[in-house]
């Protein structure tokens, strides 16, 4: 009789514990959902874009199959990727105003890069007198022409962004060319290769930068963005992130945690 009682008691206790755990998980999911909804509701409406910060983004942040969005190939133009591709990525074209989260790579394999120096060859390449816009238009040697990658190697001061640099972009609108592979970075002196196939162009507001807790120890922050119109962003004043923090090497500083206070960002007219 005593054994039967304890068996029933254990069975009842197990069922009760299962119900509590399930309810807790459901509550956590609802809490996360409410947090996301409250975040969206607290945001001011998208304002007119007065200036756009020019970046390049690679496959560590936007690519088909990448978490947390798991974009399809057509979402990110993978099926039409090529040197000089400058169409808006399909997902971004079709979801202006939507808020999503992007991951930004790892220390030493960053996904977001700031350009601080526009070479004179870019300005001279045409079709305009502005080197940044010539790159955005895939001008000769900048994605187009007979030698489409002529001016895209060893570009000085291509700066990979880690936690501090990402946090400094909060509240800014970004206009970026997206690469289908890694942007290759060399240190001492800092320079980068912008050769390779492109997926196209994206634009978004940087809303929030948070430390990742679901990746590796070297995972860079997740960034919550609001998708913007590429046409509107490219029509605005283009600026360079001139004081983006410069990493000493591929591993230093090990900057993965966006602190509450960061230096004020400085932007200069993109020449």
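Centroid-to-centroid, using Cα positions, segment 253-270 and segment 104-143 are 21 Å apart.
At a Förster distance of 25 Å, what's the computed FRET efficiency of residue 229 paired with residue 188, Cβ-Cβ distance as r, to 0.05? All intermediate terms of the calculation are to be shown ahead of the outcome.
Working: r = 39 Å, r/R0 = 1.57.
Calculated value: 0.05.
Using the count of nearby Cβ atoms within 10 Å as a rough guide to exposure, how do 208, 59, 73 rank from fewest to most?
73, 208, 59
Label 7 Å along Cα→Cβ of residue 249; segment 182-202 residues with amide nitrogen under 20 Å? Under cut-off, by backbone N: 184-192. Each of 155, 225 has some number of other Cβ atoms within 10 Å of its Cβ, and from fewest to most they run 225, 155. Size of segment 69-130 from its Cα atoms: along the principal axes, largest to smallest, the extents are 39, 29, 24 Å. For segment 56-160, with equal point scatterers placed on the C-alpha atoms only and solvent neglected, what are the log10 I(q)/I(0) values from the Debye formula at q = 0.12, 0.13, 0.22 1/Å, to two decimals? With no solvent term, the Cα-only Debye profile gives -0.48, -0.57, -1.22.
Which of 173, 88 has the fewest other C-beta atoms within 10 Å, and how do the rest follow up to the most? Walk me through the numbers on the way to the answer.
On the way: 173 23, 88 20.
Ranked by crowding around the Cβ, least crowded first: 88, 173.
Taking label points 7 Å from Cα along the Cα-to-Cβ direction, residue 197 and residue 257 give a separation of 4.0 nm. Here segment 112-168 is described by how far its Cα atoms reach on the three principal axes: 39, 19, 16 Å, from widest to narrowest.
A full extension of the chain between residue 150 and residue 70 corresponds to an added length of 25.5 nm, given 0.36 nm per residue minus the alpha carbon distance. The label point for residue 211 and the one for residue 181, both projected 7 Å from the Cα toward the Cβ, are 3.5 nm apart.
Throughout, read-outs are computed from the coordinates displayed, never taken from laboratory work. Values in this document were obtained by computation on a predicted structure and should not be read as measured data. No Cβ is skipped: glycine too gets one built from the backbone with ideal geometry, and neighbour counts run over all protein chains shown.
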